[in-house]
1. Which value, in Å², gives the accessible area per residue of segment A:3-194 when a 1.4 Å probe is used on the protein heavy atoms?
2. Sort segment A:81-208 into rounded, prolate or oblate with this rule: let a ≥ b ≥ c be the square roots of the eigenvalues of the Cα gyration tensor; rounded if a/c is under 1.5, and if a/c is not under 1.5, prolate when a/b is larger than b/c, oblate otherwise.
3. As a test of reading the structure, rank A:Lys184, A:Lys35 by solvent-accessible area (1.4 Å probe, protein chains only), most first.
4. Please give me the summed charge of the neighbours of A:His64: other residues whose Cβ is under 11 Å from its Cβ, Lys and Arg +1, Asp and Glu -1.
5. Leaving out ligands, DNA and RNA, and with a 1.4 Å probe, what % of the accessible surface on segment A:3-194 is carbon or sulfur?
Amino acid sequence: MGRADIVSHSDDHPPLAREELPDDTAALARYLIGKLVVRDLPEGRVSGRIVETEAYVVGDAAGHGFRGMTPRNRSLFLERGHAYVYLAYGISFMLNVSSDTQGTGTGVLIRALEPLEGIAIMRLNRGVERLRDLARGPGRLAAALRIDRSLDGLDLCREGPLWLARDGTETGAIGQSIRIGISKDAERLLRFYLKASPFVSGPGSLNR
DNA sequence: TATAAGATTATCT
DNA sequence: GATAATCTTATAT
């Protein structure tokens, strides 16, 4: 309490400007490593540092936009910096950032966060205690931040219920690998992760 | 209308 | 390491 009640919300984490987001989808996926995802909930603010992403690019058979726009994936075709949220395996919501120009069905999947603010809220949302398990994995981070389809299409370059922001700290070395959990176009090196982070899911993470 | 696949996770051995 | 859970979506019939 105390300080958190005094600090102005709007000045804490100014949103990333759309103009600073790289046009190229793979470049955006790399750029987002070390940035913040901020979620405002009725109980308070939840945020985390992005430590793992995947790019789904033009001509990518693994991408949801590959076969054109559908009712589910239409947000992928928005101008870069918008949320595309979908339900995977009937279980887990996935948070993506739309990329490239309007009309291009590409985006970046946010795969893992290092929890920063609102960790008590994340624990309640997830039903687990272990810090490392709160947001390690795309479905887990969506649950921790209570992200669902109601946020689909949201502009992440504006402060609101969910947005992207800069972090003051330095970003460490970034690793690159094949993507996780796909079968088509599986050989492309479009996964990016913070090498030094124990909050990365899959290969590359520490303390496994 | 039917069917198979899916950008996952939790739980088991 | 293997598998069940769970349900929406896309595609075919």
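1. 45 Å²
2. rounded
3. On the way: A:Lys184 105, A:Lys35 25 Å².
Ranked from most to least accessible, the order is A:Lys184, A:Lys35.
4. Neighbour charge sum, excluding A:His64 itself: +2.
5. Roughly 52 percent, rounded to a whole number.
The values are calculated or read from the model by the stated rules, or taken from the named source; none is laboratory data. Everything numeric in this text was worked out from a predicted model, so none of it was measured. In this analysis, Cβ positions are derived from the backbone assuming ideal geometry, glycine residues included, and neighbour counts consider all displayed protein chains. Just so you know, the surface numbers come from the protein's heavy atoms only, side chains and all, with ligands and any DNA or RNA stripped out. Shrake-Rupley method; radii C 1.70, N 1.55, O 1.52, S 1.80 Å.
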